[in-house]
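Below: one structure, written as structure tokens.
The values are calculated or read from the model by the stated rules, or taken from the named source; none is laboratory data. The structure presented is a predicted model; accordingly, all values stated were derived computationally and were not measured. Note: ideal-geometry Cβ built from the backbone for every residue, glycine included; neighbour counts use all protein chains shown. To get the accessible areas, we keep the full protein, side chains included, count just its heavy atoms, and leave off ligands, DNA and RNA. Shrake-Rupley method; radii C 1.70, N 1.55, O 1.52, S 1.80 Å.
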Amino acid sequence: MGTRAPVVDHGPRTGSKVALTFDADMTDGMLDSLRAGRVKSYANLRILDLLEREQVPATFFLTGKWVQRYPDVTRRIAGNPRFELANHTYGHAAFTADCYDLPRLPVDELAADVAKTFEVIAPYGGRQTRYFRFPGLCHDAAVLDALAPLGVTVVDGDVVSGDPFATAWKPLVRAVLDHVRPGSVVIMHVTEANAAMTDEALPHILAGLRERGLAPATLSEVLAGA
Ligand SMILES: [Zn+2]
């Protein structure tokens, strides 16, 4: 184990596999919005319906608070042999300065936060991984050093769908299909109220991948170049 957690953006540029990844953010502010009835759901079940119906592999980066809010949906994800589970912090805080408008925690709390999130996810079983994604993809040398003891691989991604707060699906399809290549890691969100167009874009993204001869696979397979 090195002294700094490794960071990857994508797998080998060979073959035909690409990873579809879905982040499941959850902050205290989002929980407040749910409780107050300002939003209906941060779990987009239409995405799961589609992936299951089409038997598409995918990887879910889960926050601990999302898992605790949506245990049944987490069970559903863990129960699908085509889905991998990964870690996206406990409460979607940033551990660096200037990371969008995310709440910030000190770097010395990072390792415990990520370890706690693994403890929340682990009982669900399924295809558990040691993949981790920073909220907002915000990281610096200090946070990567702090993560080294956990043996995680930090996964950014090379194709940003731009689905948070999108108001139309077509730009998401364009953003993905214009940039996707063999080995790509595509970043999307399963947070419905915060990413309301993702399920509408997804069928078009899947069709576009097929046209390009690309096939979705789990993150493990894509990073291994399998
Ligand atoms: Zn996120």
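Annotations for the structure displayed:
- Mean projected area (nm²) of the alpha-carbon convex hull when the stretch 59-183 is viewed from all directions: 8.7 nm²
- Rg ratio for the stretch 51-103: its Cα radius of gyration over 2.2 N^0.38 Å, N being its residue count, equals 1.36.
- Each peptide among 206-215, 118-127 gets the average number of other Cβ atoms lying within 10 Å of its residues, and from highest to lowest they stand as 118-127, 206-215.
- Per residue value of the accessible surface for the chain (all protein chains in place, 1.4 Å probe), Å²: 43 Å²
- Listed by chain and number, the lysines whose C-alpha is less than 17 Å from the C-alpha of Lys40, apart from same-chain residues fewer than 8 away, are Lys65.
- For Ala207 and Asp108, the FRET efficiency from 1/(1 + (r/R0)^6), where r spans their Cβ atoms and R0 equals 41 Å, is about 0.30.
- Principal axis dimensions, the stretch 1-65 - Cα atoms, whole angstrom, descending: 47, 39, 15
- When only Cα pairs below 8 angstrom with a gap of at least 6 residues are kept, the chain shows a relative contact order of 36 percent.
- Under a 5 Å amide H cut-off, with hydrogens placed 1.01 Å from N, Arg127 pairs with Leu85 among residues at least 5 apart or on other chains.
- Peptides ranked, highest mean first, by Cβ atoms within 10 Å: ranges 63-69, 184-190, 218-224: 184-190, 63-69, 218-224
- Projected label points at Glu52 and Asp72, each 7 Å from Cα along the beta carbon direction, are separated by 1.1 nanometres.
- Rolling a 1.4 Å probe over the protein heavy atoms of the stretch 12-55, with every protein chain left in place, gives an accessible area that is 47 percent carbon and sulfur.
- Computed Kirkwood radius, in angstrom, where 1/r is averaged over Cα pairs of the chain: 17.5 Å
- Rolling a 1.4 Å probe over the protein heavy atoms of the stretch 102-226, with every protein chain left in place, gives an accessible area that is 56 percent carbon and sulfur.
- Those residues of the stretch 49-81 whose amide nitrogen sits under 15 Å from the label point placed on Gln128, 7 Å along Cα→Cβ: 62, 64, 75, 78-79
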